[in-house]
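For reference, the structure is listed below as structure tokens.
The values are calculated or read from the model by the stated rules, or taken from the named source; none is laboratory data. What you are looking at is a predicted structure, and each value in this text was computed from that prediction instead of being measured. Using ideal geometry, Cβ is built from the backbone for each residue, glycine included, and neighbour counts are taken over all protein chains shown.
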Number of protein chains: 4
Amino acid sequence: MFKINITPNIGDTDALRHINPNIIPVWFETGRTELYNIFNPTHELTYKKWNLLLVHMDFNFIKLLYFGYDVEIRTYLIKIGKSSITIQQEVWQNGSLRVTGKSIMLCYDYIKQENKFISENIRNQLKKHLITLEEIEENNKIEMKNNKNRKKYDFIE
Amino acid sequence: MFKINITPNIGDTDALRHINPNIIPVWFETGRTELYNIFNPTHELTYKKWNLLLVHMDFNFIKLLYFGYDVEIRTYLIKIGKSSITIQQEVWQNGSLRVTGKSIMLCYDYIKQENKFISENIRNQLKKHLITLEEIEENNKIEMKNNKNRKKYDFIE
Amino acid sequence: MFKINITPNIGDTDALRHINPNIIPVWFETGRTELYNIFNPTHELTYKKWNLLLVHMDFNFIKLLYFGYDVEIRTYLIKIGKSSITIQQEVWQNGSLRVTGKSIMLCYDYIKQENKFISENIRNQLKKHLITLEEIEENNKIEMKNNKNRKKYDFIE
Amino acid sequence: MFKINITPNIGDTDALRHINPNIIPVWFETGRTELYNIFNPTHELTYKKWNLLLVHMDFNFIKLLYFGYDVEIRTYLIKIGKSSITIQQEVWQNGSLRVTGKSIMLCYDYIKQENKFISENIRNQLKKHLITLEEIEENNKIEMKNNKNRKKYDFIE
């Protein structure tokens with residue numbers, strides 16, 4: 001699992017006084033940085049070198065997010081296919097899980113415009129990070145239970 | 001179906017020379033404007049008045065999108081529940097379907113922080129726009145077939 | 001002068017219930033589209049072909065902007081230099097001027113990484129759009145005076 | 001001076017293979033977080049409590065910014081007025097100064113919609129951070145000179 005912290009900006013909120021949903025894809029992109037580094041260790045973001053293409057993303061908004069408290073983005077690798085990976089991501093704030101989402105990325109040749117197999121080298125590095133959705137959910141249940149008595153911050157006058 | 005046209009900005013592209021996926025949620029939000037108007041005809045975007053909350057969105061990226069050509073955002077209402085609506089959206093460019101996505105919105109009371117039923121008045125207006133996923137797909141198949149002989153623009157040197 | 005209309009999105013607002021300033025550079029970029037078309041009629045946004053580089057932008061926020069009303073972006077060409085242009089832009093909403101801003105763009109060779117002269121052909125097309133800041137201000141003064149008795153919308157409960 | 005590090009996202013680049021200018025206002029907003037904390041220690045971002053309003057921002061783009069290397073945002077307080085502050089900000093990457101910009105913020109009452117004086121308590125905290133533009137420029141000159149022999153990274157094939 002990869003964890004990063006983000007301090008929400010004023011511009012990330014909207015007039016309904018919560019974090020606007022459209023910033024979440026951006027935060028999740030930031031959260032996938034370490035996975036990008038495995039595929040592209042030299043960071044050369046050109047169509048001749050880069051080898052990842054996003055083909056699916058989804059988001060489930062469970063609880064509202066607020067300005068004024070850092071969020072934690074957790075990124076899990078849940079599946080390694082022949083030429084694709086599936087990534088599960090979460091946004092946590094003040095001890096509760098607020099957004100979950102999945103994205104599927106293809107290992108891709110931007111010149112030939114077609115999929116390519118994930119190399120053995122990359123696959124071996126990826127394997128160390130593999131986890132199942134069941135394990136994630138089990139861990140989250142325990143964590144949420146432990147956080148139950150935490151002071152509640154979810155209030156705006 | 002609601003249709004809007006958008007001219008992609010330079011800032012909507014990324015270094016891989018295509019439209020970056022993270023702008024699609026923003027375009028889809030713009031595409032839902034007419035539905036928002038049915039729920040909130042006075043446009044009062046405050047937690048005391050506004051009555052819609054996004055709880056799910058997903059995106060399938062079928063074909064790459066390019067700078068230099070307008071995109072068309074199509075917004076369909078595919079389900080009206082007791083207190084939620086399901087919206088199907090598409091991005092078309094140069095005669096081909098490039099992105100599809102679904103979003104679910106709750107009719108919501110931001111003060112009580114709970115769902116509320118969709119009123120009869122709103123429901124009646126919504127019903128006029130209802131269409132099934134099957135109908136959408138049938139129409140798209142015909143349209144794509146008719147567009148088959150269109151000049152291809154999908155190329156960047 | 002080039003005019004475009006934009007319907008603000010929910011995501012363009014922030015928790016202070018107004019339009020967030022960080023969306024204005026994006027709107028101004030959209031407003032400059034017609035000028036980009038003069039410099040790059042084939043719309044090929046690659047470093048081998050594209051010939052404009054932004055080197056300065058500034059923004060003065062005069063009056064708050066609101067969700068629920070379209071904005072008008074006005075784009076003026078106020079100076080044509082040897083290898084640069086200066087652009088004045090405005091955001092209007094409900095009959096009053098709310099943001100002004102200036103940007104300077106270089107005619108630029110992205111391969112050699114240096115300025116280049118604006119060609120005679122481009123210069124001739126640009127000249128038709130040239131206007132002075134004084135003329136803009138004079139026109140605005142008249143327009144604002146005529147709008148004085150318009151119903152005021154600038155209020156959120 | 002306040003320093004933060006940001007890892008650029010793919011979505012922050014554009015098809016010209018550099019960082020798009022429209023993300024800089026967002027990075028600068030993140031950079032001002034510590035100043036916001038002085039004015040609003042409880043982080044209550046509502047029009048009843050929040051007391052800062054952005055009235056001006058400008059940006060000078062000196063050198064192109066690249067994906068693949070972290071950027072450092074430096075935020076300086078250069079002026080404390082009766083009811084306004086002036087902030088100078090910089091983006092550094094790979095040892096060179098790439099963007100400078102200034103913003104002016106009013107201490108503001110969002111209910112009365114008028115300026116208010118900066119309190120003595122806030123003013124005393126702000127004073128510790130005050131620096132002149134001349135000092136900043138002098139420091140930068142020395143730093144840039146020391147960095148002169150650094151390996152150059154500014155190249156994309």
Problem - Enumeration of residues in the stretch D:66-102 that are over 23 Å from residue D:11 (Cα atoms), crowded, with 20+ Cβ neighbours inside 10 Å and among the hydrophobic types (A, V, I, L, M, F, W, C) - result: D:77, D:85, D:87
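Out of the residues in the stretch C:4-18 that are within 7 Å of another protein chain (Cβ to nearest Cβ) and polar (S, T, N, Q), which is surrounded by the most Cβ atoms within 10 Å (Cβ to Cβ)?
Let us first name the residues in the stretch C:4-18 that are within 7 Å of another protein chain (Cβ to nearest Cβ), namely C:7, C:9-11, C:13-17.
Of the ones still in play, those that are also polar (S, T, N, Q) are C:7, C:9, C:13.
Values: C:7: 13, C:9: 20, C:13: 24.
Looking at residues that are within 7 Å of another protein chain (Cβ to nearest Cβ) and polar (S, T, N, Q), I get C:13.
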Handout entry: Positions within the stretch C:27-76 being farther than 24 Å from residue B:27 by Cα and in contact with a helix residue (DSSP H, G or I) (Cβ under 8 Å, 6 or more places away or on another chain), in sequence order
Key = C:38, C:39, C:51, C:52, C:54, C:57, C:59, C:61, C:76
Exercise for the section: Hey, can you tell me all the residues within the stretch D:19-45 that are more than 14 Å from the chain's Cα centre (by Cα), without any contact (Cβ under 8 Å) to a residue 60 or more places away in the chain and surrounded by fewer than 21 Cβ atoms within 10 Å (Cβ to Cβ)? Expected result: D:37, D:40, D:41, D:42, D:43, D:44, D:45
Exercise for the section: Name the single residue, out of those in the stretch B:111-126 being hydrophobic (A, V, I, L, M, F, W, C) and under 23 Å from the mean Cα position of the chain (by Cα), that is nearest to residue B:34 (Cα to Cα). Expected result: B:126
Problem - Lone unmet requirement of (1) farther than 30 Å from residue D:49 by Cα; (2) within 11 Å of chain B (Cβ to nearest Cβ); (3) not aromatic (Phe, Trp, Tyr) for residue C:1 - result: (2)
Problem - Hits in the stretch B:103-120 - residues which are aliphatic (A, V, I, L, M) and surrounded by fewer than 16 Cβ atoms within 10 Å (Cβ to Cβ) - result: B:111
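If you scan the stretch B:35-60, which residues turn out to be under 23 Å from residue B:70 (Cα atoms) and facing another protein chain (nearest Cβ under 7 Å)? Give the derivation first.
Step one: of the stretch B:35-60, the residues under 23 Å from residue B:70 (Cα atoms) are B:35, B:58-60.
Hits for the stretch B:35-60 are B:58, B:59, B:60.
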Practice task
State whether the residues of the stretch C:61-78 include one that is within 14 Å of chain B (Cβ to nearest Cβ) and over 21 Å from residue C:143 (Cα atoms).
Solution key: yes
Practice task
Scan the stretch B:35-44 residue by residue and report those that are part of a helix (DSSP H, G or I) and closer than 18 Å to residue C:19 by Cα.
Solution key: B:36
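Could you grab me the full set of residues in the stretch A:19-55 that are among the β-branched types (Val, Ile, Thr) and modelled with pLDDT under 95? Steps first, please.
So the first thing to find is which residues in the stretch A:19-55 are among the β-branched types (Val, Ile, Thr), and the list is A:19, A:23-24, A:26, A:30, A:33, A:38, A:42, A:46, A:55.
Passing the criteria: A:42, A:46.
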Fill in the blank from the handout: Taking the stretch D:1-34 and the residues there that are part of a loop (DSSP other than H, G, I, E, B) and not polar (S, T, N, Q), the one that is nearest to residue A:69 (Cα to Cα) would be D:32
